[in-house]
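These notes are about the structure you will find just below.
The values are calculated or read from the model by the stated rules, or taken from the named source; none is laboratory data. Remember, it's a predicted structure, so these values are computed and weren't measured experimentally. Because the Cβ atoms are built from the backbone with ideal geometry, glycine has one as well, and the counts that use them run over all protein chains shown.
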């Protein structure tokens with residue numbers, strides 16, 4: 001990040017940066033840090049924001065006139081957040097296009113921050129593309145995504161990718177411990193979250209332990225699939241979305257991701273991968289060899305069925321019906 005600040009000082013910073021990597025590993029936090037450093041009026045020789053100047057204080061309190069941030073709940077980022085079109089409510093909010101068409105209030109950088117840029121509709125991406133093709137002086141787009149392949153190839157080609165790696169399980173667990181989790185819970189969540197503190201915390205908020213237990217019962221045949229599917233929709237947890245339907249879809253996505261990981265681990269284990277290299281070791285360690293041997297020919301089909309179910313959630317199909325089908329697929 002500091003090298004990017006130094007590049008900006010030399011006027012060599014690209015006009016669009018795409019921070020890529022797993023969700024929850026600090027991409028947006030890093031983008032905000034970079035934006036604050038660019039707007040800091042007294043950045044030190046280490047190229048860090050001071051945190052005390054007017055620019056830093058205005059940024060931290062979300063009052064800086066030279067920052068336009070798209071960081072909100074919702075499954076999609078609509079065109080109206082990027083560009084004005086006839087029929088839009090002009091009084092609702094200023095869009096990125098109009099923001100970049102004004103002079104910088106502080107005379108320096110103007111920064112557009114977009115969290116989870118893959119949520120942009122194709123219309124929104126195409127509107128952004130026009131601005132990327134004709135960037136203004138000291139205008140910077142900072143985009144973050146965990147699914148760069150979901151962005152239009154033309155958009156990706158106009159951005160410089162900055163990849164972020166996941167943390168080690170130990171470092172991730174240390175972050176979780178600072179959030180108050182016990183060593184045992186922190187270690188488990190760090191493994192389930194694949195070294196992503198944000199994902200681990202999200203799994204904790206979504207009661208991942210309870211969801212895993214239900215899915216594990218379905219997989220080994222100790223729980224009736226349809227009963228478990230309904231129980232999965234009743235587990236208490238905090239799911240994203242501004243409406244009950246959006247929250248139900250987020251719940252279903254979380255469940256399906258866990259189901260895919262469990263089935264994937266089972267296939268890897270049956271193929272000879274050591275237990276210590278798997279994520280859901282506790283669900284597989286006690287299974288008899290003849291059970292996995294009998295399931296192996298079907299595991300690939302289970303994965304295909306679960307992938308289809310996950311795609312159906314994005315097609316706005318009923319979440320409960322999708323989970324019913326997913327649990328029937330996961331069962332022996």
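At pLDDT below 85 and surrounded by 19 or more Cβ atoms within 10 Å (Cβ to Cβ), is that true of residue 43?
yes
Give the residue, chosen from 326, 309, 293, that is outside any loop (DSSP other than H, G, I, E, B) and either loosely packed, with under 14 Cβ neighbours inside 10 Å or in contact with a strand residue (DSSP E or B) (Cβ under 9 Å, 6 or more places away or on another chain) (or both).
293
Yes/no matrix, rows are residues, columns are (1) touching a helix residue (DSSP H, G or I) at 6+ places or on another chain (Cβ under 9 Å); (2) within 24 Å of residue 174 (Cβ to Cβ):
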position	(1), (2)
15	yes, no
30	no, yes
39	yes, no
57	no, no
64	yes, no
70	yes, no
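What's the number of the only condition in (1) surrounded by 19 or more Cβ atoms within 10 Å (Cβ to Cβ); (2) modelled with pLDDT under 90; (3) closer than 30 Å to residue 176 by Cα that residue 8 fails to meet?
Result: residue 8 fails condition (3) only.
Report whether or not residue 229 is farther than 20 Å from residue 279 by Cβ, touching a residue at least 24 places away in the same chain (Cβ under 8 Å) and buried (at least 21 other Cβ atoms within 10 Å of the Cβ).
Taking the combined requirement at face value, the residue satisfies it.
Identify all residues within segment 260-278 that are touching a helix residue (DSSP H, G or I) at 6+ places or on another chain (Cβ under 9 Å) and either in a loop (DSSP other than H, G, I, E, B) or within 18 Å of residue 213 (Cα to Cα) (or both); write none if there are none.
Of everything in segment 260-278, those that are touching a helix residue (DSSP H, G or I) at 6+ places or on another chain (Cβ under 9 Å) and either in a loop (DSSP other than H, G, I, E, B) or within 18 Å of residue 213 (Cα to Cα) (or both) turn out to be 260, 261, 262, 263, 264, 265, 266, 271, 273, 278.
Do we find that residue 187 is in a helix (DSSP H, G or I), assigned by TED's automatic domain parsing to the domain that holds residue 10 and out of contact with any strand residue (DSSP E or B) (no Cβ under 7 Å at 6 or more places or on another chain) in this structure?
No.
Can you name the number of the only condition in (1) assigned to a loop (DSSP other than H, G, I, E, B); (2) at pLDDT below 95; (3) touching a helix residue (DSSP H, G or I) at 6+ places or on another chain (Cβ under 8 Å) that residue 235 fails?
It fails just one condition, (2).
Kindly establish whether residue 169 is free of Cβ contacts under 8 Å to residues at least 24 places away in the same chain, closer than 17 Å to residue 22 by Cα, outside the structural domain of residue 71 (by TED's automatic domain parsing) and more than 15 Å from the chain's Cα centre (by Cα).
no
One line per residue, one yes/no per condition, for (1) touching a residue at least 24 places away in the same chain (Cβ under 8 Å); (2) assigned by TED's automatic domain parsing to the domain that holds residue 241; (3) in contact with a strand residue (DSSP E or B) (Cβ under 7 Å, 6 or more places away or on another chain); (4) part of a loop (DSSP other than H, G, I, E, B):
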site: 38; (1), (2), (3), (4): yes, no, yes, no
site: 50; (1), (2), (3), (4): no, no, no, yes
site: 58; (1), (2), (3), (4): no, no, no, no
site: 68; (1), (2), (3), (4): yes, no, yes, no
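All but one of (1) over 26 Å from the mean Cα position of the chain (by Cα); (2) at pLDDT 95 or above hold for residue 84; which doesn't?
(2)
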